[in-house]
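Heads up, the thing below is written out as structure tokens.
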Amino acid sequence: MNTEQYIYNVSLENTSQESLTIIGYKTKDHLGNTLVSPELINTIIVQANSISKIETIKVPKPLGDSAFGFTYPNFVNMVDSITLKFTNGRGYYSSLNNNNFWLENRSDLLNIKEKDVIQKNGVLLYTITQDDYENAHVLP
């Protein structure tokens, strides 16, 4: 049985004055056991006041549906934790088990909700702001 798929263009928008790096890690194996050391899967760099490369997603629910959501494309099915780090070493951390150190009142990149994206020129933008930079945590 084929389920309908909805296609959207997505990008990360950095409106802060600082470049940022988003790093996706795999911390558990396929059985759920913690790896001895996290495995680096992907890195995205977004310069200050710019957007990342536009990616395409396919999701089973359209915008406006309460179940709409998606994992940022570079992290689908491979990553279980993400670090967002500004050039000063401060930032945010999220994992499938714990997102206590993520952007305040926003879904993380592993489970983006419609309320956290804006549509501009046909692209769904997940925005990181100057306030996010100023409120960033000291990362270990």
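Observations on the model:
Conditions (1) among the charged types (D, E, K, R); (2) over 18 Å from residue 94 (Cα atoms); (3) not in a loop (DSSP other than H, G, I, E, B), marked per residue:
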position: 27; (1), (2), (3): no, no, yes
position: 32; (1), (2), (3): no, no, no
position: 37; (1), (2), (3): no, no, yes
position: 40; (1), (2), (3): no, no, yes
position: 45; (1), (2), (3): no, no, yes
position: 57; (1), (2), (3): no, yes, yes
position: 65; (1), (2), (3): yes, yes, no
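- Each residue in segment 81-115 was checked for being in contact with a Lys or Arg (Cβ under 6 Å, 6 or more places away or on another chain) and either assigned to a strand (DSSP E or B) or open to solvent by 20 Å² or more (accessible area, probe 1.4 Å) (or both), and 1 pass.
- Filter result for the condition that a residue is under 12 Å from the mean Cα position of the chain (by Cα) and open to solvent by less than 20 Å² (accessible area, probe 1.4 Å), over 57, 22: 22
To keep it simple, each residue is scored yes or no on (1) more than 16 Å from the chain's Cα centre (by Cα); (2) more than 27 Å from residue 140 (Cβ to Cβ).
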{"site": "4", "(1), (2)": "yes, yes"}
{"site": "18", "(1), (2)": "yes, no"}
{"site": "36", "(1), (2)": "yes, no"}
{"site": "78", "(1), (2)": "no, no"}
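- When segment 25-46 is filtered for residues that are free of Cβ contacts under 8 Å to residues at least 40 places away in the same chain, open to solvent by 50 Å² or more (accessible area, probe 1.4 Å) and closer than 15 Å to residue 110 by Cβ, only 41 remains.
The values are calculated or read from the model by the stated rules, or taken from the named source; none is laboratory data. From a predicted model like this one, the values you see are computed outputs, not experimental measurements. We place every Cβ from the backbone using ideal geometry, glycine too, and count neighbours over all the protein chains shown. Just the protein is used for accessible areas: all its heavy atoms, side chains included, with ligands, DNA and RNA removed. Shrake-Rupley method; radii C 1.70, N 1.55, O 1.52, S 1.80 Å.
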